[in-house]
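> Let me begin by handing over the structure; questions about it come next.
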Amino acid sequence: MKPSQLIAGIKKLDPTPQILPKLQKLLRDPDSSLAELVELIRIDMSLTAQLIRVSNGVGYGSSKKVNSIDDAVKRIGYDHVYKVVGAAASKKVLEDELKIYGYGEGELWRVSVTCAIAMQSLAYKMDEDRDTAYTIRLLHGLGKVLIEK
């Protein structure tokens with residue numbers, strides 16, 4: 001496969017993974033606002049729905065139902081927003097079967113999330129940036145997806 005073919009494949013990818021670096025930048029900026037964060041997440045309706053669904057989960061311990069992305073972000077907290085968006089964004093790209101590599105449907109995504117969590121823990125122990133480590137490992141299989149296409 002030629003580099004030009006790989007670049008063409010990148011252009012065909014869903015725009016959702018492009019949110020991760022922008023989200024990470026916003027979350028690190030002490031001057032960023034909730035409105036900026038919400039505006040970025042609203043780019044993708046499925047991400048918005050996922051965050052609202054997660055915020056209404058039992059793990060967040062409130063009987064009051066959240067119906068807006070603003071309230072969902074407040075309930076979940078910035079750290080968990082990044083993880084939820086990262087997992088949802090990567091799933092869209094990494095969930096397909098990869099016949100060349102022998103991965104069944106969803107297998108690459110499960111491996112990627114597992115690796116991301118492990119890398120984040122390792123980065124914490126090494127006093128490195130956990131979000132960057134998480135993102136790098138979460139998307140490590142992206143090249144395989146491009147080659148498959």
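> Take K144 and E39, extend 7 Å from each Cα along the Cα→Cβ direction, and tell me the distance between the two endpoints in nm.
Output for this residue pair reads 3.8 nm.
> Still on this structure, please answer the following. Give the carbon-plus-sulfur fraction of the accessible surface of the chain in %, rounded to a whole number; probe 1.4 Å, heavy atoms of protein chains only.
Carbon plus sulfur share of accessible area: 55 percent.
> If you compute volume of the Cα convex hull per residue in Å³ for the structure shown, which of (1) 104; (2) 130; (3) 173 do you land on?
Only one option fits the structure, namely (2).
> I would also like to ask the following. Could you rank the peptides 105-113, 78-86 by their average count of other C-beta atoms within 10 Å per residue, with the highest value first?
On the way: 105-113: 17.4, 78-86: 19.2.
Taking the mean over residues of other Cβ atoms within 10 Å, the ranking is 78-86, 105-113.
> If the limit is 29 Å between Cα atoms, which of K25/K92; K83/K149; K65/K125; K74/K144; K22/K92 go over it?
K65/K125; K74/K144
> Something else: Where nothing but the Cβ of Lys and Arg (+1) and of Asp and Glu (-1) is charged, how large is the charge dipole of region 36-129 around its Cα centre, in debye to the nearest 20?
Value, rounded to 20: 440 debye.
> Using the Kyte-Doolittle scale, which helices in the chain average at least 0.0 and also have C-alpha atoms spread 18 Å or more along the helix axis, with helices defined as whole DSSP H runs? Mind dumping the intermediate values first?
Working: long enough: 78-94 (23 Å, 0.22); 107-125 (28 Å, 0.55).
Membrane-span-like by this rule: 78-94, 107-125.
> Taking a probe of 1.4 Å, how large is the accessible area per residue of the chain, in Å²?
61 Å²
The values are calculated or read from the model by the stated rules, or taken from the named source; none is laboratory data. Please read these numbers as outputs of a predicted model, since none were measured by experiment. Reconstructed Cβ throughout: ideal geometry from the backbone, glycine too, with neighbour counts over all protein chains shown. Note: accessible area is taken over every heavy atom of the protein model, side chains too, but ligands, DNA and RNA are not part of it. Shrake-Rupley method; radii C 1.70, N 1.55, O 1.52, S 1.80 Å.
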